[in-house]
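Let me begin by presenting the structure, written as structure tokens, before commenting on it.
The values are calculated or read from the model by the stated rules, or taken from the named source; none is laboratory data. Predicted model, so just to flag it, every value in this text is computed and none were measured. With ideal geometry, Cβ positions are generated from the backbone for all residues, glycine too; neighbour counts draw on all protein chains shown. These accessible areas exclude ligands, DNA and RNA; they are computed on the full protein's heavy atoms, side chains included. Shrake-Rupley method; radii C 1.70, N 1.55, O 1.52, S 1.80 Å.
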Amino acid sequence: QVQLVESGGGLVQAGGSLRVSCTASGSIFGINAMDWYRQAPGKQRELVARITSGGSTNYADAVKGRFTISKDNAKNTVYLQMNSLKPEDTAIYYCHVLRYMNNYWGQGIQVTVSS
């Protein structure tokens with residue numbers, strides 16, 4: 001089992017910045033990548049950013065150049081730095097890992113961007 005605990009998030013004005021964090025615990029051996037997803041009201045959950053165990057990253061087109069995913073292996077923590085936030089970034093953000101074909105999700109954290 002893997003436990004994922006998210007922190008950060010909140011309310012920010014458009015153009016502002018926020019950082020969300022996700023700390024993994026439990027059986028973390030075998031995790032190849034950690035992801036951030038988001039789900040806005042009435043929309044499907046979508047992948048925002050991914051970082052692999054080797055440090056490779058990829059991003060959704062909507063956030064490229066504005067969001068940065070990073071990790072601290074010593075803390076088993078992944079971060080999502082969100083800059084130049086837009087109202088359309090408003091969503092619940094979820095941390096996710098895939099380990100041996102099992103999906104694990106954090107509880108989700110609200111990010112709200114006011115115009």
Legend entry - Heavy atoms of Lys43 accessible to a 1.4 Å probe, total area in Å² rounded to 10: 140
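Net charge near Gly16, counting Lys/Arg +1 and Asp/Glu -1 over other residues with Cβ under 12 Å of its Cβ?
So the environment of Gly16 carries a net charge of +2.
Summarise the long-distance tail of P(r) for the stretch 1-45 by giving the % of C-alpha pairs beyond 17 Å.
More than 17 Å apart: 51 percent of the Cα pairs in the stretch 1-45.
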Legend entry - Contact order relative to length of the chain, as percent, for alpha carbon pairs under 8 angstrom and 6 or more apart: 36
Inset, instruction - Evaluate the stretch 52-100: find the radius of gyration of its Cα atoms, find its Kirkwood radius, and give the ratio Rg to Rh. - result: 0.98
Legend entry - Cα-based shape type of the stretch 21-115, given that a ≥ b ≥ c are square roots of the gyration tensor eigenvalues and the cut on a/c is 1.5: prolate
Legend entry - For the stretch 9-26, Karplus couplings with θ = phi - 60° (6.51, -1.76, 1.60), whole Hz, Gly/Pro x: x, x, 10, 8, 7, 4, x, x, 10, 8, 10, 10, 10, 9, 10, 9, 9, x
